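First comes the structure, then the notes that go with it.
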There are 2 protein chains.
Amino acid sequence: MPELRKDPVTGRWVIISVERGKRPSDFVVRTPPRKKGGFCPFCHGNEYTTPQEILAFRPQGSPANASNWSLRVVPNKFPALQIEGGLGREGEGIYDLMNGVGAHEVIIETPVHEHTLATMPLESVESVLWAYHYRMSDLKRDTRFRYVLIFKNEGEVAGASLEHTHSQLIAMPIVPSLVKEEMDGARTYHGYRERCIFCDMIRQELETGKRVVWENRSFIALSPFAPRVPFEVWILPKGHESHYDVPSEGKYREMAETLQQVLKRIDKTLDTPPYNFVVHTSPFDIEKNDFYHWHIEIMPKLTKLAGFEWGSGFHINPTPPEEAARYLRDARI
Amino acid sequence: MPELRKDPVTGRWVIISVERGKRPSDFVVRTPPRKKGGFCPFCHGNEYTTPQEILAFRPQGSPANASNWSLRVVPNKFPALQIEGGLGREGEGIYDLMNGVGAHEVIIETPVHEHTLATMPLESVESVLWAYHYRMSDLKRDTRFRYVLIFKNEGEVAGASLEHTHSQLIAMPIVPSLVKEEMDGARTYHGYRERCIFCDMIRQELETGKRVVWENRSFIALSPFAPRVPFEVWILPKGHESHYDVPSEGKYREMAETLQQVLKRIDKTLDTPPYNFVVHTSPFDIEKNDFYHWHIEIMPKLTKLAGFEWGSGFHINPTPPEEAARYLRDARI
């Protein structure tokens with residue numbers, strides 16, 4: 001019998017096909033290996049083809065936009081939002097709109113074209129996580145913005161328009177609706193239990209262990225109880241933290257290790273599939289709080305566009321998270 | 001400058017790229033023409049290959065599952081939910097789950113393999129809409145169910161696993177989250193204005209006309225103010241109706257005309273793209289009401305899977321709805 005499961009934070013129900021669960025080999029999407037040769041604007045030596053860099057990691061004293069970098073952040077050449085201008089909030093009858101003010105940046109994670117977050121050195125993954133932090137801290141000072149959405153599209157099927165590994169961020173004057181829903185759900189739970197729902201979830205998952213993919217001292221990676229897609233994985237700090245934006249050196253190294261472990265296991269189990277990840281964190285204008293817990297949501301792109309799910313918010317997932325977690329846990333990487 | 005627009009019902013924000021708006025020719029997804037030949041379980045003469053029919057339109061007095069049908073409804077051979085059993089609601093620590101009880105049916109819209117909703121005779125489109133009504137009315141009597149989700153995946157890219165045109169319905173013991181969000185938003189609006197927000201929207205759209213795609217006496221088709229995807233179209237009854245499920249002959253004919261007009265215009269403008277549509281209606285256990293207004297949401301599948309949108313609920317739409325409506329309105333069909 002299939003199961004209907006409810007995500008405890010958002011209240012979203014999903015169908016989990018428990019009996020005829022799909023195994024990794026049932027999914028046949030894969031990202032082709034990186035092509036060598038050909039022009040790539042994100043490769044060493046082509047710095048002049050991107051907009052001027054906003055942040056870069058390179059030896060001290062080197063000039064900006066030189067070739068000796070290990071990570072660069074540049075404005076997106078085709079930004080979804082524009083950095084200049086006021087919010088210009090207005091109404092149009094029953095409708096509300098405002099200017100599309102915001103920042104749209106690209107984090108070029110490595111100069112090495114063939115690398116991915118799963119295959120690059122661990123220090124490089126850690127650099128990426130630090131870059132997220134630096135950009136968030138900087139953009140937070142712009143009072144027009146309420147949120148920085150950090151995300152990664154890996155593979156063309158997942159929406160990446162360039163092969164060279166990169167993440168993106170969009171700073172915006174609004175809070176994305178799924179984050180708002182999570183905030184609302186978490187606030188309600190805290191209202192009657194006086195506990196963080198994510199902390200309760202982590203406690204329960206560590207007790208049963210059956211949906212845990214990986215853990216170290218500070219982080220846990222788990223298959224959520226009611227995942228929307230097969231092999232969805234969430235990464236959360238074990239201790240309560242409302243914002244991504246509170247770094248410490250040891251912690252960021254552990255976060256990098258967790259992220260890379262999960263991605264290596266996904267690559268091994270599912271033959272290097274396309275995927276997306278998104279960082280969910282408390283909005284800028286909500287202070288450090290007891291009810292929301294930042295985390296990363298990773299969604300492999302394995303199933304054919306189940307289009308009606310867009311129009312209904314109702315998801316059918318053919319792989320139970322307990323099985324997905326077992327495959328990922330047991331992967332020989 | 002791009003615009004941030006808010007859907008008045010759900011409160012969801014989308015980015016609309018007003019300036020470098022994408023025109024129809026910028027989208028290059030298309031559904032290949034129907035292949036003739038090859039075995040198709042939905043074609044005339046192959047009735048024995050589907051599960052036994054639940055409903056069929058055929059000359060009176062003919063036996064079930066015979067070949068002289070014009071429309072058939074059969075159980076899905078690979079159902080997402082199972083029809084037998086109780087709800088079995090239970091908890092698992094902080095989580096909630098229940099048995100995956102429900103009905104999953106396929107509406108085979110025509111015996112003619114080459115037809116689509118855009119190209120079949122208008123009477124056949126009307127039959128499809130009546131079939132939705134009959135199945136909803138029947139399933140409503142099963143007190144385990146709260147909602148019937150009716151949807152269509154047209155084209156492989158949109159999730160159709162068989163080419164022969166068909167819609168699907170899933171009867172379920174829960175309300176899909178996007179419908180619930182709409183209900184909540186509409187209820188709140190009604191709480192302070194004592195009017196239906198959809199009725200207000202229709203009034204405003206008819207006044208300005210700029211987002212109207214098509215209308216007849218009883219129905220309006222419009223590009224919503226804050227569409228998630230390019231060329232999204234909603235079809236609504238002009239008069240207030242909370243449930244799909246209240247038919248009248250003239251009205252269903254007009255609904256069929258509106259649906260076919262919109263799909264013909266989408267096919268003409270966008271070169272027969274894949275698409276999804278979903279019917280949003282009040283749940284069974286909510287009586288006829290003044291705040292919610294049933295409608296159909298049509299979403300052409302034109303853009304590369306913008307994967308992070310799944311993980312954030314934040315949509316970027318490169319085609320302003322005013323332009324989409326103009327193209328669809330002006331299509332020479």
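Identify, please: which residue in the range B:90-106 is surrounded by fewer than 17 Cβ atoms within 10 Å (Cβ to Cβ) and more than 9 Å from chain A (Cβ to nearest Cβ) and is, among those, nearest to A:C199 (Cα to Cα)? The residue in question is B:G91. Test of understanding: among B:S167, B:S127, B:S137, which residue is part of a helix (DSSP H, G or I), among the polar types (S, T, N, Q) and surrounded by 16 or more Cβ atoms within 10 Å (Cβ to Cβ)? The conditions single out B:S127. Identify all residues within the range A:277-333 that are β-branched (V, I, T) and outside any loop (DSSP other than H, G, I, E, B); write none if there are none. Selection gives A:V278, A:V279, A:I296, A:I298, A:I316.
Selection of the range B:270-284 for residues being aromatic (F, W, Y) and within 14 Å of chain A (Cβ to nearest Cβ) yields B:Y275, B:F277.
Taken together, the residues in the range B:181-220 that are crowded, with 19+ Cβ neighbours inside 10 Å, within 12 Å of chain A (Cβ to nearest Cβ) and either among the basic types (K, R) or part of a strand (DSSP E or B) (or both) amount to 1.
From the set of residues in the range B:304-326 that are over 30 Å from A:S282 (Cβ atoms) and in contact with a Phe, Trp or Tyr (Cβ under 8 Å, 6 or more places away or on another chain), which is farthest from the other protein chains (Cβ to nearest Cβ)? Selected residue: B:A324. If you go through the range B:221-269 and keep only what is closer than 27 Å to B:E3 by Cβ, more than 14 Å from every other protein chain (Cβ to nearest Cβ) and small (G, A, S), you end up with just B:A221. Remark: pairs (first residue in the range B:243-260, in a helix (DSSP H, G or I); second residue of a type in the set (F, W, Y); Cβ separation under 7 Å; 6+ apart in sequence or on different chains) = B:Y252/B:W130; B:E254/B:F219; B:M255/B:F219; B:T258/B:W214; B:T258/B:F219. Any chance the range B:304-326 includes a residue that's within 28 Å of A:G159 (Cα to Cα) and of a type in the set (S, T, Y)? Within the range B:304-326, one or more residues are within 28 Å of A:G159 (Cα to Cα) and of a type in the set (S, T, Y). For B:E287, state whether it is within 14 Å of another protein chain (Cβ to nearest Cβ) and among the acidic types (D, E). No. When you scan the range B:145-160, do you find a residue that is polar (S, T, N, Q) and either in contact with a helix residue (DSSP H, G or I) (Cβ under 7 Å, 6 or more places away or on another chain) or at the interface with another protein chain (Cβ under 10 Å from one of its Cβ atoms) (or both), even just one? Looking for residues that are polar (S, T, N, Q) and either in contact with a helix residue (DSSP H, G or I) (Cβ under 7 Å, 6 or more places away or on another chain) or at the interface with another protein chain (Cβ under 10 Å from one of its Cβ atoms) (or both), one finds at least one in the range B:145-160, hence yes.
So that you can scan it fast, the table gives a plain yes or no per residue for (1) under 30 Å from A:E323 (Cβ atoms); (2) within 13 Å of chain B (Cβ to nearest Cβ); (3) assigned to a helix (DSSP H, G or I):
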{"site": "A:I15", "(1), (2), (3)": "yes, yes, no"}
{"site": "A:P33", "(1), (2), (3)": "yes, no, no"}
{"site": "A:G38", "(1), (2), (3)": "no, no, no"}
{"site": "A:Y48", "(1), (2), (3)": "no, no, yes"}
{"site": "A:E53", "(1), (2), (3)": "no, no, no"}
{"site": "A:A56", "(1), (2), (3)": "no, no, no"}
{"site": "A:P59", "(1), (2), (3)": "no, no, no"}
{"site": "A:E84", "(1), (2), (3)": "no, yes, no"}
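None of the figures in this text is laboratory data; all of them are computed from the coordinates on show. Source: prediction; values computed, not measured. Note that we place each Cβ from the backbone using ideal geometry, even for glycine, and neighbour counts take in every protein chain shown.
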